[in-house]
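Read-outs: derived from the displayed coordinates by stated rules, not from any lab. For clarity, every value in this text was computed on a predicted model and none was experimentally measured. Positions of Cβ are generated from backbone atoms using ideal geometry, with glycine treated the same way; all protein chains shown enter the neighbour counts.
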Amino acid sequence: MITLAEAATVLAHPFPATTTFGPVRNRVLPGLAARGSADHVALTFDDGPDPNSTPRFLDLLAARGVRATFFLLGSMAERAPGLVGEIRAAGHEIGVHGWHHQSLLFRGPRATAQDLTRARDFLADLTGEQPTLFRPPYGVMTASAHRTARRLGLRPTLWTSWGEDWTARATSSGVYRQVTKDLRGGGTILLHDTDCTAKPGSWHSTLGAVPLLLDHCEERGWTVGPLRDHDRVGGTRGTRGM
């Protein structure tokens, strides 16, 4: 027999608790929007790992002495498990982006729980460490996703600035302008290190924008690093782009 709590979850599931509507989210729910210390900017990448592009980002970040947070898809990690190890070995943070890149609005409570659990467990087995962060595909949370994330020990985390780097019109300068128009100290940047859910080859524009963004943050005295360092005080968190 279905319990009252389970029935409530089924009924509430279609109604997104939070969405990609940035202005409201950033103002009303700063924790979900991943706002941190004013002298820090979190750099995050979604949808990987992708053998065709992710290594280019790892090389660039290593050259600049910067670490980031990578929200990985389980389906992509299954195709390139060694690359997950490379991301972790380079000192980057790994978060959960689900198993498949599909809006949670189109999944029921059971499918949502299965997707998140499968991805969380697979990444934990690969890295030997339980992920603690979850970013839903398209930034849309549902009641079921909130409930499952809480049970799995995952903190839903969105962003304050994105580059719209998945679009056909994306260029490196355009991605840079899109991010910086909303970027403030304490913000979180959303980019993509793959084109698996975007225009083919779009990652090239993102790759070209990253040095511009690192320079922009350095000029303003903001340290760039992963989300795990976002709330620490002082200059010991990440390494500023050099």
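Here are the numbers for the structure shown:
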{"item": "Order of Asp229, Asp125, Asp39 - criterion: other Cβ atoms within 10 Å of each residue's Cβ, fewest first", "result": "Asp125, Asp39, Asp229"}
{"item": "Cα-based shape type of segment 82-167, given that a ≥ b ≥ c are square roots of the gyration tensor eigenvalues and the cut on a/c is 1.5", "result": "oblate"}
{"item": "Shape call, segment 47-122: gyration tensor on alpha carbons, a/c limit 1.5", "result": "prolate"}
{"item": "Net lengthening on full extension, Asp121/Tyr138 (0.36 nm per residue, minus Cα-Cα)", "result": "4.0 nm"}
{"item": "Ser37, Ser205, Ser103, Ser161 arranged by Cβ crowding within 10 Å, fewest neighbours leading", "result": "Ser103, Ser37, Ser161, Ser205"}
{"item": "Surrounding net charge for Pro136, when Lys and Arg each add one and Asp and Glu each subtract one, Cβ distance under 11 Å", "result": "0"}
{"item": "Likely footprinting exposure, Thr148, Thr171, fewest C-beta neighbours within 10 Å first", "result": "Thr171, Thr148"}
{"item": "At most 10 other Cβ within 10 Å, DSSP loop - trypsin sites (Lys or Arg not before Pro), segment 106-200", "result": "Arg169, Lys181"}
{"item": "For a label point 7 Å along the Cα-to-beta-carbon line of Ser103, residues of segment 130-155 with backbone N under 16 Å", "result": "136-145"}
